[in-house]
Structures are given as structure tokens and as C-alpha cells.
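The values are calculated or read from the model by the stated rules, or taken from the named source; none is laboratory data. Remember, it's a predicted structure, so these values are computed and weren't measured experimentally. Ideal geometry is used to build each Cβ from the backbone, glycine not excepted, and the neighbour counts take in all protein chains shown. Keep in mind that these areas ignore ligands, DNA and RNA; they rest on the heavy atoms of the full protein, side chains included. Shrake-Rupley method; radii C 1.70, N 1.55, O 1.52, S 1.80 Å.
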There are 2 protein chains.
Amino acid sequence: MKAFDLHAQTLLQTILSARRDVRGNRFQGTPIEDEVLRKILEAAISAPSVGFSQPWKFVIVKDTSKREAIYEEFVRENAKAAKLFSEDSLYSTLKLEGIKESALNIAVLYQKPTKTVLGQTTQKKMGEYSVVCAIQNLWLMARAYNIGVGWVSILRPKRVKKILEISDDYKLIGYLTLGYVDKFLDEPELLKLGWENKKTIDEVVEWV
Amino acid sequence: MKAFDLHAQTLLQTILSARRDVRGNRFQGTPIEDEVLRKILEAAISAPSVGFSQPWKFVIVKDTSKREAIYEEFVRENAKAAKLFSEDSLYSTLKLEGIKESALNIAVLYQKPTKTVLGQTTQKKMGEYSVVCAIQNLWLMARAYNIGVGWVSILRPKRVKKILEISDDYKLIGYLTLGYVDKFLDEPELLKLGWENKKTIDEVVEWV
């Protein structure tokens with residue numbers, strides 16, 4: 001049994017704290033080495049999954065025309081989103097994706113179950129949540145390799161699936177952009193810009 | 001800008017690989033020190049969140065009678081679940097929770113938004129997914145402190161919320177049990193028992 005010490009705890013927190021949500025204004029476009037991508041994917045599939053179902057699929061998107069089509073979807077959806085923030089002049093100045101500037105994109109999918117999954121009988125969302133755990137593992141290992149990840153959420157999953165010709169056996173959970181960066185910000189950009197404040201432990205913890 | 005090296009990459013993968021989903025047959029009941037719990041919660045709130053909304057809440061449950069009531073809910077739900085696996089004699093032998101044996105439980109909640117959240121306008125689930133990222137961070141830091149975590153999913157969220165008197169402003173995402181353990185298994189228990197095989201990278205990755 002592996003016992004970890006203060007060094008491991010401190011290094012893990014350093015990685016967790018140094019992870020950023022990276023956008024196109026930071027990506028440099030340098031290719032990600034295949035062996036590095038593999039290490040990042042190994043981290044992803046080390047995630048927990050309900051009933052050890054491992055319901056994840058990772059579609060690596062390098063193709064330029066597919067990325068262009070997904071970018072156009074983003075532009076369409078973001079035009080709608082921007083109207084909801086029309087009273088906030090900051091919104092329109094934000095770079096909210098890096099689909100084309102990144103080295104590659106990854107569509108992370110949930111494979112719908114074909115049999116009863118242990119632990120997923122009461123809470124049907126557990127399978128999707130397993131895929132999110134894999135995304136967080138991927139994100140952390142990418143950061144350990146000094147690679148930035150951005151999660152692009154202003155996209156309609158059905159449109160992305162159509163562009164990538166993904167069957168109805170799968171649900172899109174996250175659309176990620178990965179690449180080397182000029183720098184990682186020392187704090188989340190939305191915190192720096194004053195969009196939201198950082199919540200403290202005491203604000204988010206209750207005792208029963 | 002913090003640049004990580006092979007040492008950090010290797011140590012991170014060691015932690016990811018050593019993390020287990022821990023059940024009541026492993027927990028020892030030893031209390032978790034307050035300062036350690038705080039470090040684990042700090043890791044949780046270092047997670048990414050859509051629009052930096054940080055929509056998480058952590059309810060620490062130590063109270064014995066509340067835990068007893070939640071355990072009874074588990075027993076009721078698991079009796080239903082077991083019927084779905086009646087052809088598999090292994091199911092009934094599995095210990096699937098550690099609600100009472102653990103040092104403490106944490107109900108991890110999603111706080112429903114009261115205003116429009118940046119990045120959550122197209123995909124409404126992004127807020128819940130942020131909370132799952134926090135759970136995964138928590139799970140990893142707990143492991144770095146040699147503390148086991150079990151995610152108990154055979155519980156009806158509404159019943160748990162009622163027992164814990166949680167308002168409708170919140171949705172239960174995960175019910176976790178934490179504690180020191182006699183040992184961490186070297187592989188997931190369901191893999192060891194032959195319930196599922198481990199999927200390889202090549203089985204879960206496609207290239208476009």
C-alpha cells in the first residue's frame with residue numbers, strides 16, 4: 001500500500017492550484033507529442049467510474065475543417081449568449097474558446113449503457129459524472145505536462161456530434177481544447193477581471 | 001509561471017492510480033483531523049467551475065442518527081437494485097457503502113444559479129459538472145493524505161436532502177464517505193473480482 005507524505009500533498013495542491021481554463025489568446029499551436037497525449041489519456045482513464053463501467057470515449061480532433069465547423073457553431077451560440085449579458089460590457093471582450101488556436105481538440109463522450117450498471121440504478125447521472133471525473137484527471141495531467149486545457153461549453157452537443165459524425169450511442173459531455181501556452185495566468189482570468197470573487201472554505205462548508 | 005517536470009508527472013499519476021473507491025469493510029473509524037479535512041476541502045475548491053461560478057456546497061455529516069437514517073435509505077434502495085442483478089450471485093456479496101464505518105460523510109451539493117452564468121447558457125449541466133470536478137479534486141487530495149473516499153450512489157437524492165434538511169436551492173450531486181483505511185487495494189475491487197475488465201487507451205480513443 002502506497003503511503004504519501006507532505007511532499008506529495010504539497011505538490012498535488014500546487015498542480016491543482018496552477019491549473020487554468022485556457023483560451024485561444026494563450027495557445028501557441030505547437031503540436032503535442034503523441035507520447036505526451038497518451039500519458040494525459042492514461043490519466044483520464046485512471047478516473048473512478050460507477051460500477052467500474054468506464055463509460056468514456058475520447059475523440060481527438062485535429063482536422064482543420066471539422067474545427068472550423070465547430071468554431072462556427074461556437075460563434076452562433078455565443079451570439080445568443082452575449083445577448084443575455086448585454087448589460088455587462090466585459091462579456092464581449094472575453095475570449096471564450098481556443099478551438100482553432102489549440103494544438104488539438106478532444107470531444108469527451110459518455111457511452112450510454114447497454115446493460116444495468118452497478119451503482120447507477122438509483123442515480124442515472126452517475127455515468128456522466130464518471131466521465132467528468134475523467135476530464136478533471138486529464139486536465140490535471142495536462143497541466144503537469146505544462147499543457148493548457150480549455151473546456152468550451154458554449155456549443156450545442158447535438159451539433160458537435162453531427163459535425164464529428166458521432167452516433168446516438170454517445171452523449172457529448174465536454175469539448176476540450178489542448179495546447180502549449182505562452183503562459184498560465186497565476187489566477188483564473190474571471191477572478192482577475194473581477195467577474196466573480198473567490199469563495200472561501202467557510203462560505204461553502206456546513207456542519208451537521 | 002510554474003513549470004512541472006517528470007517528477008511531478010510521475011507522482012501525479014501515482015496518486016491517480018492509487019485512488020480507490022473505498023467501502024465500509026476498509027474504513028477504520030479513526031477521526032480525520034480538522035486541519036487535514038480543511039486541506040482536502042481546499043483541494044476541492046481549487047476545481048474549475050463554469051464562469052468561475054463555484055456552485056458547490058459541502059455538508060459535513062458526523063451526526064450518528066443522521067447517518068443511521070441515510071444508511072436505512074441505502075438499505076431500502078439497494079434491496080431494489082439487488083433485484084436487477086438477481087442473476088449475478090456476486091452482487092449480494094458486495095459491500096457497497098461505508099456510511100456508518102467511515103469517520104465522516106460529506107454531502108456535496110450544487111447550488112442552483114440565481115443569475116445567468118457565463119458559459120452555462122447553452123449547456124445547463126455545466127454547473128453540476130463543476131461540482132463533480134470538485135469531488136474528483138477532493139478524492140485525490142484525500143488519497144494523498146492516505147484517506148479513503150467512497151462515493152455512495154445507491155441513495156435517492158431527495159431523501160438524503162430531506163434527512164439533512166437541505167433546501168430546494170440545492171441539488172445533491174454526490175454523497176461521500178471518508179476515513180482512514182486498513183489498506184488501499186492495489187486495483188479497483190470490481191476489477192479484481194472480475195465484474196468488469198479494464199478498458200485500454202486504444203479501446204476508448206478515436207481520431208478525427
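By the compact-protein rule of thumb, 2.2 N^0.38 Å, the alpha-carbon radius of gyration of region A:22-182 corresponds to a ratio of 1.08. Evaluated with a Cβ-only charge set (Lys, Arg +1; Asp, Glu -1), chain A carries a dipole of roughly 640 debye about its Cα centre, given to the nearest 20. Taking a ≥ b ≥ c as the square roots of the eigenvalues of the Cα gyration tensor, an a/c ratio of 1.5 or more together with a/b no larger than b/c marks region B:27-70 as oblate.
With label points set 7 Å from Cα along Cα→Cβ, the inter-copy distances at A:Ser89 are 7.5 nm, sorted shortest first. Annotation: aspartates and glutamates with alpha-carbon distance below 16 angstrom to A:Lys57 (same-chain offsets under eight excluded): A:Glu42, A:Glu128, A:Glu165, A:Asp168, A:Asp169, B:Asp202, B:Glu203, B:Glu206. Using a probe of 1.4 Å on the protein chains alone, the accessible area found for A:Lys199 is around 50 Å². Of the GluC sites (Glu not before Pro) found in region A:1-63, those in coil by DSSP whose Cβ has at most 15 other Cβ atoms within 10 Å are A:Glu33. Report, in order of residue number, the helices in chain B meeting two criteria: a C-alpha extent of 24 Å or more along the helix axis, and a mean Kyte-Doolittle hydropathy of at least 0.0; treat each whole DSSP H run as one helix. Membrane-span-like by this criterion, though nothing is claimed about a membrane: B:126-144. In the context of the full protein assembly, A:Phe85 retains an accessible surface of approximately 20 Å², using a probe radius of 1.4 Å and ignoring ligands and nucleic acids.
So for chain A, averaging the separation of alpha carbon pairs under 8 Å that are six or more residues apart and normalising by length, what relative contact order in percent results? All intermediate terms of the calculation are to be shown ahead of the outcome.
Numbers: 309 pairs, mean separation 72.3, N = 208.
Normalised by residue count, the contact order of chain A is 35 percent.
Simple rule: put +1 on each Lys or Arg Cβ and -1 on each Asp or Glu Cβ in chain B, find the dipole, and look at B:Ala69, B:Leu138, B:Trp151; the Cα lying farthest toward the positive end is B:Ala69.
Distances between copies at B:Glu33, taken between label points 7 Å from Cα along the C-beta direction, are 3.9 nm in increasing order.
Once you've got the Cα coordinates, tell me which of B:Lys66/B:Lys183; A:Lys112/B:Lys158; A:Lys115/B:Lys198; A:Lys62/B:Lys2; B:Lys80/B:Lys171; A:Lys80/B:Lys115 are over 20 Å apart. With Cα atoms farther than 20 Å apart: B:Lys66/B:Lys183; A:Lys112/B:Lys158; A:Lys62/B:Lys2; B:Lys80/B:Lys171. Of the residues B:Ile99, B:Leu190, B:Thr114, the one whose Cα sits farthest towards the positive end of the charge dipole of chain B is B:Thr114 (charges of +1 on Lys and Arg Cβ, -1 on Asp and Glu Cβ, taken about the Cα centre). Taken along its three principal axes, the alpha carbon spread of the protein assembly as shown comes to 53, 42, 40 Å, from the longest extent down to the shortest.
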